[in-house]
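Laboratory data are not the source of any read-out in this text; all were calculated from the coordinates shown. What you are looking at is a predicted structure, and each value in this text was computed from that prediction instead of being measured. Cβ placement follows ideal geometry from the backbone for every residue including glycine, while neighbour counts extend to all protein chains displayed.
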């Protein structure tokens, strides 16, 4: 198979949610599709054609976590992009994208942890979750997404306080 030049591929439009609980901790889920080690990340996913980004963020959040009781706190002022590692280009994301271009939202989870259902949707993304301090989020993500996560942490840090 001939290697794919990443420059010839677009970024996948995507949304993400930094979910804070009442204690100011951040939700991370352990991805089910990792072959080596553990990979934890915040809820994120694709935007459907013509879909509003806020609606997409709330839809993806509910599909991946079952979380529906949220208040949107803020929207990141910019879109952030990451590139896939060279060995995943042409393979990951059905081989159609070089990476993702993401719009992030900070949301406050208003429900109890019993309202979290990782099997809420037929396509399960996470097999476990936990609440972590905001400074732990960047360390948990795969290396090629770390700069995006650092940007998100910097922008939404003010929400990492108990309410």
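Observations
- Count of the stretch 63-87 residues, restricted to those that are crowded, with 18+ Cβ neighbours inside 10 Å and under 24 Å from residue 124 (Cα atoms), is 6.
- Restricting the stretch 1-22 to residues that are in a loop (DSSP other than H, G, I, E, B) and under 20 Å from the mean Cα position of the chain (by Cα), the residue that is surrounded by the most Cβ atoms within 10 Å (Cβ to Cβ): 21
- Filtering the stretch 137-163 to residues that are exposed (fewer than 15 other Cβ atoms within 10 Å of the Cβ), under 26 Å from residue 82 (Cα atoms) and touching a residue at least 24 places away in the same chain (Cβ under 8 Å) leaves 144, 147.
- Screening residue 90 on (1) surrounded by 15 or more Cβ atoms within 10 Å (Cβ to Cβ); (2) over 17 Å from residue 16 (Cα atoms); (3) free of Cβ contacts under 8 Å to residues at least 40 places away in the same chain shows it passes everything except condition (3).
- Yes/no for residue 43 being in contact with a strand residue (DSSP E or B) (Cβ under 9 Å, 6 or more places away or on another chain), closer than 22 Å to residue 76 by Cα and surrounded by fewer than 17 Cβ atoms within 10 Å (Cβ to Cβ): no
- Qualifying residue in the stretch 101-110 (condition: at positive phi, exposed (fewer than 15 other Cβ atoms within 10 Å of the Cβ) and more than 14 Å from the chain's Cα centre (by Cα)): no
- Residue within the stretch 114-126 that is under 30 Å from residue 9 (Cβ atoms), assigned to a helix (DSSP H, G or I) and more than 15 Å from the chain's Cα centre (by Cα) present: no
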